[in-house]
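Let me begin by presenting the structure, written as structure tokens, before commenting on it.
The values are calculated or read from the model by the stated rules, or taken from the named source; none is laboratory data. Predicted model only: the values in this text are computed from it and were never measured. Counting neighbours? That spans all protein chains shown, and the Cβs are built from the backbone with ideal geometry, glycine included.
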Amino acid sequence: MARLYLLLLMMGVLGGVGYAGYGYYTSTQARIQTLAENNAKLEVANKISEESINTLRAETVKNAALQKNLQVELQEAEAYGDNLRKKLRQLDLLGDALTNPTNLEGRMNGATAKLWREIMDETGSIDGGKRPLPKWLLDDSRAKNKNSDTGTKSNSTDSDTTKAN
């Protein structure tokens with residue numbers, strides 16, 4: 001009977017070791033599968049991260065070029081503004097208004113009418129550029145100068161074309 005107990009004990013120990021080995025094997029396989037899935041997710045995340053970095057680098061280069069272009073355009077606009085301020089300082093509008101107000105009024109009205117015609121022409125108005133001078137300018141007997149750039153000897157900033165940036 002002792003042999004039978006010993007045999008049952010050995011079978012129980014071997015069965016326990018076998019079951020523990022099987023449990024270890026199945027848990028290891030499950031862990032390997034989980035790690036493989038996590039590795040695949042990390043590879044996808046790494047690929048997306050690298051693509052994002054490359055996109056950001058390309059955008060940085062593009063933004064630098066745009067910034068440089070904007071800086072050049074800003075400098076041009078500032079130079080144009082400085083030029084206009086210089087011309088405005090050269091004009092003595094107060095002196096013109098005091099000495100010959102009708103001439104100044106005519107030049108101002110003519111320049112305003114011309115500007116509106118050019119704006120209407122450039123914005124797609126069918127008859128904007130060919131439209132005659134407005135009635136308020138034609139009927140004004142004080143405004144003898146209907147065009148802002150004729151018959152004056154001043155440093156007028158008016159020209160035949162407008163500068164648009």
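Miscellaneous remarks
Matching residues to (1) surrounded by 10 or more Cβ atoms within 10 Å (Cβ to Cβ); (2) modelled with pLDDT of 95 or more; (3) on the phi > 0 side of the Ramachandran plot:
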{"position": "TYR5", "(1), (2), (3)": "no, no, no"}
{"position": "GLY12", "(1), (2), (3)": "yes, no, no"}
{"position": "GLY16", "(1), (2), (3)": "yes, no, no"}
{"position": "GLN29", "(1), (2), (3)": "yes, yes, no"}
{"position": "ASN46", "(1), (2), (3)": "yes, yes, no"}
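- Which numbered condition GLU78 fails, given (1) over 32 Å from the mean Cα position of the chain (by Cα); (2) under 30 Å from MET108 (Cα atoms); (3) modelled with pLDDT of 95 or more: (1)
- Lone qualifier among GLY15, GLY95 - being within 30 Å of ASN109 (Cβ to Cβ) and without any contact (Cβ under 8 Å) to a residue 40 or more places away in the chain: GLY95
- Test: residue in segment 87-102 that is part of a helix (DSSP H, G or I), of a type outside the set (D, E, K, R), touching a Leu at 6+ places or on another chain (Cβ under 9 Å) and surrounded by 13 or more Cβ atoms within 10 Å (Cβ to Cβ): yes
- Boolean, LEU84 is among the hydrophobic types (A, V, I, L, M, F, W, C), surrounded by 10 or more Cβ atoms within 10 Å (Cβ to Cβ) and free of Cβ contacts under 8 Å to residues at least 12 places away in the same chain: no
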